[in-house]
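A.B. asks: Below you will find the structure I want to go over with you.
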Amino acid sequence: MKKLLFIVAILTLFSCSDDDEQERLMYDITYSATALNGTTINKVEYLNSQGNLIELTNVTSPWNISLTIRAGLGLQAAAYGDIPYQGSLSITATWKPEGGTSETETVTLPNDTPNSVINNGVVEISGRTLLD
């Protein structure tokens, strides 16, 4: 009888622990940066799947990375570059929750001023938390 109670207690413990641990919703994210008409990308920053800010230099255009991130973490990216007249720098984030609809945000910085260069201009997808 004691063995039976022990086995029932163990099975109950395992079944309860499975119910307590909810699976977190996951997001597929793609970040991309594009430099046009002589623009140079100096640096790209983005939040990785652990929520750490990653900085990359010596990036060529077009640049992109795809990640899977759990809900509760952040979505954030930025690109820095030198933009000559008639050039532009863009950053795009596309994210899609499991079983959900894809969303996209693009920020572009053009240089429309003749005989000028925007030095270390920045385009940024502002930080936000991905919801459950």
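A.B. asks: How much FRET efficiency would the formula 1/(1 + (r/R0)^6) give for Arg24 and Ile65, where r is the Cβ-Cβ distance and R0 is 30 Å, rounded to 0.05?
C.D. replies: It comes out at approximately 0.90.
A.B. asks: With no solvent and one equal point scatterer per Cα, compute the Debye intensity ratio I(q)/I(0) for the stretch 51-132 at 0.17 Å⁻¹ and report its log10, rounded to two decimals.
C.D. replies: Taking Cα atoms of the stretch 51-132 as identical point scatterers yields -0.76.
A.B. asks: Shifting gears a bit: How big is the stretch 36-87 on each of its three principal axes, counting only the C-alpha atoms and giving the largest first in Å?
C.D. replies: 40, 15, 14
The numbers here are math on the coordinates, done by the rules we state, and not lab data. The shown structure was predicted, so the numbers you read here are calculated from the model rather than taken from an experiment. With ideal geometry, Cβ positions are generated from the backbone for all residues, glycine too; neighbour counts draw on all protein chains shown.
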